[in-house]
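The values are calculated or read from the model by the stated rules, or taken from the named source; none is laboratory data. Keep in mind that this is a model prediction, so the values were computed, not measured. With ideal geometry, Cβ positions are generated from the backbone for all residues, glycine too; neighbour counts draw on all protein chains shown. Note: areas computed on protein heavy atoms with side chains; ligands, DNA, RNA excluded. Shrake-Rupley method; radii C 1.70, N 1.55, O 1.52, S 1.80 Å.
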Amino acid sequence: MKLSGVLPFARELLQKAVSAGDVVIDGTAGNGHDTLFLAQLVGECGTVYSFDIQQQAIESTGRRLSEKEAEHQVRLIHDGHEKISQHLLPEHYGKVAGSVFNLGYLPGSDKTVVTTPETTISAVEQVTEHLKPEGILLLVVYHGHPEGQVERDTLLPFVRRLPQEEFHVLEYRFTNQKNNPPFIIAVEKRKKKSQGA
C-alpha cells in the first residue's frame, strides 16, 4: 500500500463524489488544472463554476479548457469566491456535488494577492449550504507563508465547529514533513436520516 499525496488524494475524493451531469465549483481557478479536472468529471451535461479575482487566472484557465475542448460546461467568473451565491443559478441551489479551493496565491504571479480568512470562510458557508447530500468541499491549505498561516489558524477552528449531525470534516496531512507542506480539509454533507430510522 502507498499513501496518496495531498493533491492526488483530493482528486480521489472528488472522483468519488462527482458524476457526469453534476454541478461543481472551483473556488480558485488559478492556472486551470482543477477546473479542467472538474469539467472532465461532469462532462458536457454538467456545470462547473470557476472563480478567480485575477484576470490572469481566468485567461490561463480559459486557454487550458479550450485546448482540451472542455470550455462548453464551464462558467468562468472573474470575481471573488465569496460571491458564489450571487452567481449560482437558482436551479443549482442545493445540488453542488463537489467543490475545491486551493488557498494561498496563484503560482508564478503576484504573491501579495492571496486568499483571506474572511472571504474563504464566507465561501465555505455558501458552498456547504448548497452541497447536496454526500457532496464534498475540499480546501487545500498552503500555509508555508505568513498569510497562509493566518488563514489556517482561522479556518481550522471554523470547520471543527461545523455540526457533526450535518457534516463529516476530515483533515489529511503528513505530519513529519518540513516546511509546512499543504494539507487538505474535506467537508462532506451527510445524508439526512429518515424520520422512521
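Quick one: which residue in Ile136, Ile121 is under 15 Å from Val48 (Cα atoms) and surrounded by 14 or more Cβ atoms within 10 Å (Cβ to Cβ)? First the steps, then the outcome.
Details: Ile121 fails: under 15 Å from Val48 (Cα atoms).
Answer to the check: Ile136.
Could we say that Lys16 is out of contact with any helix residue (DSSP H, G or I) (no Cβ under 7 Å at 6 or more places or on another chain), of a type outside the set (Asp, Glu) and either in contact (Cβ under 8 Å) with a residue 40 or more places away in the chain or not in a loop (DSSP other than H, G, I, E, B) (or both) here? Let's see the steps before the verdict.
Details: out of contact with any helix residue (DSSP H, G or I) (no Cβ under 7 Å at 6 or more places or on another chain): yes; of a type outside the set (Asp, Glu): yes; either in contact (Cβ under 8 Å) with a residue 40 or more places away in the chain or not in a loop (DSSP other than H, G, I, E, B) (or both): yes.
Here the answer is yes, as Lys16 does meet what is asked.
Lys2: over 21 Å from Ile136 (Cα atoms), surrounded by fewer than 21 Cβ atoms within 10 Å (Cβ to Cβ), in contact with a helix residue (DSSP H, G or I) (Cβ under 9 Å, 6 or more places away or on another chain) and of a type outside the set (A, V, I, L, M, F, W, C), yes or no? Even if it seems obvious, please write down each step before you answer.
Values: over 21 Å from Ile136 (Cα atoms): yes; surrounded by fewer than 21 Cβ atoms within 10 Å (Cβ to Cβ): yes; in contact with a helix residue (DSSP H, G or I) (Cβ under 9 Å, 6 or more places away or on another chain): no; of a type outside the set (A, V, I, L, M, F, W, C): yes.
In short, no.
Can you tell me how many residues within region 16-35 are over 13 Å from the mean Cα position of the chain (by Cα) and either within 15 Å of Gly62 (Cβ to Cβ) or open to solvent by 30 Å² or more (accessible area, probe 1.4 Å) (or both)? Quick ask: steps written out before the conclusion?
At the first step, the residues of region 16-35 found to be over 13 Å from the mean Cα position of the chain (by Cα) are 16, 19-22, 31.
From what's left, either within 15 Å of Gly62 (Cβ to Cβ) or open to solvent by 30 Å² or more (accessible area, probe 1.4 Å) (or both): 16, 19-21, 31.
Going through region 16-35 one residue at a time, the tally reaches 5.
Could you check, for region 166-183, whether at least one of its residues is outside any loop (DSSP other than H, G, I, E, B), open to solvent by less than 80 Å² (accessible area, probe 1.4 Å) and within 21 Å of Gly30 (Cα to Cα)? Steps first, please.
Filtering region 166-183 for residues outside any loop (DSSP other than H, G, I, E, B) gives 167-172, 183.
If we keep only those that are open to solvent by less than 80 Å² (accessible area, probe 1.4 Å) as well, we get 167, 169-172, 183.
Add one more test, that the residue is within 21 Å of Gly30 (Cα to Cα), and what stays is 183.
Yes; the residues of region 166-183 include at least one that is outside any loop (DSSP other than H, G, I, E, B), open to solvent by less than 80 Å² (accessible area, probe 1.4 Å) and within 21 Å of Gly30 (Cα to Cα).
Just to be sure, is Phe158 in a helix (DSSP H, G or I) and among the hydrophobic types (A, V, I, L, M, F, W, C)?
On the way: in a helix (DSSP H, G or I): yes; among the hydrophobic types (A, V, I, L, M, F, W, C): yes.
It is true that Phe158 is in a helix (DSSP H, G or I) and among the hydrophobic types (A, V, I, L, M, F, W, C).
Find the residue count for region 51-84, including only residues that are in contact with a strand residue (DSSP E or B) (Cβ under 9 Å, 6 or more places away or on another chain), in a loop (DSSP other than H, G, I, E, B) and open to solvent by 10 Å² or more (accessible area, probe 1.4 Å).
So the answer is 3.
Can you pull out the residues in region 139-155 that are among the polar types (S, T, N, Q) and either part of a strand (DSSP E or B) or modelled with pLDDT of 95 or more (or both)? Before the answer, list the steps.
Pass one, region 139-155, residues among the polar types (S, T, N, Q): 149, 154.
Passing the criteria: none in range.
Could you tell me which numbered condition Val127 fails, if it satisfies all but one of (1) outside any loop (DSSP other than H, G, I, E, B); (2) modelled with pLDDT of 95 or more; (3) surrounded by fewer than 18 Cβ atoms within 10 Å (Cβ to Cβ)?
The one condition Val127 does not meet is (3).
Within region 98-114, does at least one residue satisfy the condition of being open to solvent by 20 Å² or more (accessible area, probe 1.4 Å) and small (Gly, Ala, Ser)? First the steps, then the outcome.
Taking region 98-114 as the starting set, the residues that turn out to be open to solvent by 20 Å² or more (accessible area, probe 1.4 Å) are 102, 105, 107-114.
From what's left, small (Gly, Ala, Ser): 108-109.
Checked against the condition, which is being open to solvent by 20 Å² or more (accessible area, probe 1.4 Å) and small (Gly, Ala, Ser), region 98-114 yields at least one hit.
Being hydrophobic (A, V, I, L, M, F, W, C), open to solvent by less than 10 Å² (accessible area, probe 1.4 Å), outside any strand (DSSP E or B) and at pLDDT 95 or above is the requirement here; does Leu41 meet it? So that I can check it myself, show each step before the final result.
On the way: hydrophobic (A, V, I, L, M, F, W, C): yes; open to solvent by less than 10 Å² (accessible area, probe 1.4 Å): no; outside any strand (DSSP E or B): yes; at pLDDT 95 or above: yes.
When the stated conditions are applied, Leu41 does not pass them.
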